[in-house]
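One structure is given here, and the rest of the page talks about it.
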Amino acid sequence: MQSAVSSPAPGWLAVPDDADDLVPAVWPASAERGPDGELIIGGVSADALVRTYGTPLQVIDEGEVRRRASGIRAAFDTAAAANGTTARVYYAGKALLNTTIVRWVMEEGLNLDVCTGGELEVALAGGADAARLGFHGNNKSVAELERAVEVGVGTIVIDSEIEIERLAAIVARTGASQRVMLRVNSGVHAETHDFLATAHEDQKFGTALDSAPGLVARIREIEGLDFVGLHCHIGSQIFGVAGFRESAARVLDLHQELLAGGDIPELNLGGGFGIAYTRVDTPEPIENLAEGIVSAVAEGCAARGISIPALSFEPGRAIVGNAGITLYEVGTIKDVALENGSRRYVSVDGGMSDNARPALYGAEFSARLAARLGDADPVLVRVVGRHCESGDIVVDHEYLPGDVAPGDLLAVAATGAYCAPLSSNYNHVPRPPIVAVNGGESRVIVRGESLSDLLARDAGIER
Ligand code: LLP
């Protein structure tokens, strides 16, 4: 009997007509092939970048970050104006944070969301205006909260009852006045195309909707805390508006109830807008998302007879994800025979230490030859790293030209979000530099680690 499965490729991955193509939704808008087939990004060829900086190399297209940041801001401004309100966009720094990115997003008129004292210090070192910062986190320490209040962070998003009392003590001691929001858990958890809505979500962030009125009443009692609104965030890499609309409807019920105790000028609906990692990902254009979400809030407010608050959003991935690529050199290659075909394992000189997302989440990525075009029919490959772990996968399923060989340069797309921030030194592999490209120029924005960096904290070495 013949097996129904005729290839180890997953159903969603078709053999491409051209295994050198650059799918526009996945790659930065500046990505193109040069005269010799080399990949060019931000006007700089991949081989030139690698000659200067080596591999592995994280590359960020500055123009793409700025274009996406300003595009998202404009989309929400337009949607808000059409629905009788205003919108503020916070870049969620956890997606990728260094002082250069802080400057870019601030220059594009965005605000910035940080979620630890460490992220706060990077934002301040990058010259961020503290009033344009939002500070999140389910376990902010007293020291972190003191620092945030002291530097004048614009909004602290309170996550728990304990945090209310921590902040109450700080403002009582310092005489400061602090704007705060309360993070609530709307019971909606969205992931890609589906969302799940329950009465209570089983996770650590925020407070349940039904405990919020008591907590807000307590916040309102505290002189020095200025309650400006509710916050909720329903997940990440979300396609479509349905989950946001459901969550907004639930939070608006609470918002309306809380109006009895005083004015509530704002509402923050979080981030989570999905991006394309492979050719089958088709995220909604941001203009449609913005209009879909903002109009749902406007309609919800009209139906309840309340005025629409100022809205805030916190996209991270949608700003930096597709602006980043990672360049690797191919090392070893082997074909592994399987019952239903074979798979070519292509090993590169990085891996789960610079991109943990496939190992952590089973995330999919796309890869292409970066210094030349292929000269053979596509073969199914799995791009793997150099770590001592079989789950060390960089691109689980991809077709590359069948002549892919040791020494080839490989580019993995859409590595701008949650790759560098989740990087590690597993197996004592140094972390790669981050290089920005723009208008034909490149520059290091975060230097790579050296072997002496790896030894620097080892207290057993005599110095
Ligand atoms: N706001 C809050 C409160 C968040 O917790 C997050 C993400 C964001 C905004 C930004 O979400 P984005 O627009 O980037 O989806 N490491 C995972 C993603 C973790 C997201 C955590 N929170 C990944 O690599 O897929």
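The values are calculated or read from the model by the stated rules, or taken from the named source; none is laboratory data. Owing to the predicted nature of the structure, the values given are computational and were not obtained by experimental measurement. Note: ideal-geometry Cβ built from the backbone for every residue, glycine included; neighbour counts use all protein chains shown. Ligands, DNA and RNA are stripped out before the accessible areas are found, and what is left, the full protein with its side chains, is counted by its heavy atoms. Shrake-Rupley method; radii C 1.70, N 1.55, O 1.52, S 1.80 Å.
Computed over neighbours whose Cβ is under 15 Å from that of residue 157, the net charge equals -1, Lys and Arg +1, Asp and Glu -1. Sorting 140, 334 by solvent-accessible area of protein heavy atoms yields 334, 140, largest first, with a 1.4 Å probe. Starting from the Cα gyration tensor of the stretch 63-320, take the square roots of the eigenvalues, sort them a ≥ b ≥ c, and report rounded, prolate or oblate (rounded when a/c is under 1.5, otherwise prolate if a/b is larger than b/c, else oblate). Cα axes put the stretch 63-320 in the oblate bin. Excluding ligands, DNA and RNA, the accessible surface per residue across the stretch 368-448 is 39 Å² with a 1.4 Å probe. Segment residue 36..residue 263, full-extension length gain: 75.5 nm, with 0.36 nm per residue of separation and the alpha-carbon distance subtracted.
Would you calculate a helix-derived [θ] at 222 nm for the chain, using -39,500 (n - 2.57) for each DSSP H run of n ≥ 4 and dividing by the full residue count, to the nearest 500?
Only helices count here, giving -8500 deg cm²/dmol.
Once the Cα atoms of helix 142-151 and of the chain are each reduced to a long axis, what angle between those two axes, in degrees from 0 to 90 to the nearest 10, is obtained? Approximately 80 degrees, to the nearest 10. Put a dot 7 Å past the Cα of residue 253, heading toward its Cβ, do the same for residue 192, and the two dots end up 3.0 nm apart. Farthest toward the positive end of the dipole of the stretch 184-300, out of 259, 249, 273, is the Cα of 273, where the dipole comes from beta carbon charges about the Cα centre.
Nonpolar atom fraction for the stretch 63-320, defined as the carbon and sulfur part of the 1.4 Å probe accessible area, stands at 50 percent. Be a star and scan the stretch 407-449 for residues whose amide nitrogen sits under 19 Å from the point 7 Å along the Cα-to-Cβ vector of residue 461. From the stretch 407-449, the list is 424-433, 447-449. Summing charges over all other residues whose Cβ lies under 13 Å from the Cβ of residue 365, with Lys and Arg as +1 and Asp and Glu as -1, gives -1.
The alpha-carbon of residue 140 sits under 17 angstrom from the alpha-carbons of these lysines, leaving out residues fewer than 8 places away in its chain: 94, 204. Maximal additional length on extending the residue 299-residue 200 stretch stands at 33.1 nm, based on 0.36 nm per residue less the C-alpha distance. Model label sites at residue 208 and residue 17, defined 7 Å from Cα along the beta-carbon direction, differ in position by 5.6 nm.
Each of 328, 426 has its accessible area taken with a 1.4 Å probe; listed largest first, they run 426, 328. In a reduced charge model with +1 at each Lys and Arg Cβ and -1 at each Asp and Glu Cβ, the stretch 63-320 shows a dipole moment near 440 debye about its Cα centre. To the nearest 10, the accessible area of residue 277 is 10 Å² with a 1.4 Å probe. Model label points for residue 334 and residue 77, set 7 angstrom from Cα along the Cα-to-Cβ axis, are 5.6 nm apart. The local environment of residue 218, defined by Cβ-Cβ distances under 9 Å, has a net charge of -2 under the rule Lys, Arg +1 and Asp, Glu -1.
Measuring only protein heavy atoms, the 1.4 Å probe finds residue 115 accessible over about 40 Å². Spread over its residues, the convex hull of the C-alpha atoms of the chain is 173 Å³ per residue.
Using the per-residue mean of other Cβ atoms lying within 10 Å as a proxy for protection, in what order, highest first, do the peptides 447-460, 97-110, 176-189, 15-28 fall?
By packing density, highest mean first, the sequence is 176-189, 97-110, 15-28, 447-460.
Using C-alpha pairs below 8 Å separated by at least 6 residues, the relative contact order for the stretch 63-320 is 22 percent. The accessible-area ordering, largest first, of the residues 233, 387 stands as 233, 387, per a 1.4 angstrom probe. Think of the stretch 112-190 as a dipole: +1 on every Lys or Arg Cβ, -1 on every Asp or Glu Cβ, centred on the Cα centre; then among 170, 127, 189, 170 lies furthest on the positive end.
Which shape class applies to the stretch 336-404: rounded if a/c is under 1.5, otherwise prolate when a/b exceeds b/c and oblate if not, where a ≥ b ≥ c are the square roots of the Cα gyration tensor eigenvalues? In terms of gyration-tensor shape, oblate. Per residue, the accessible area of the stretch 63-320 comes to 38 Å² when a 1.4 Å probe rolls over the protein heavy atoms.
Look at where the Cα atoms of the stretch 120-135 and of the stretch 381-440 average out, and the two centres are 30 Å apart.
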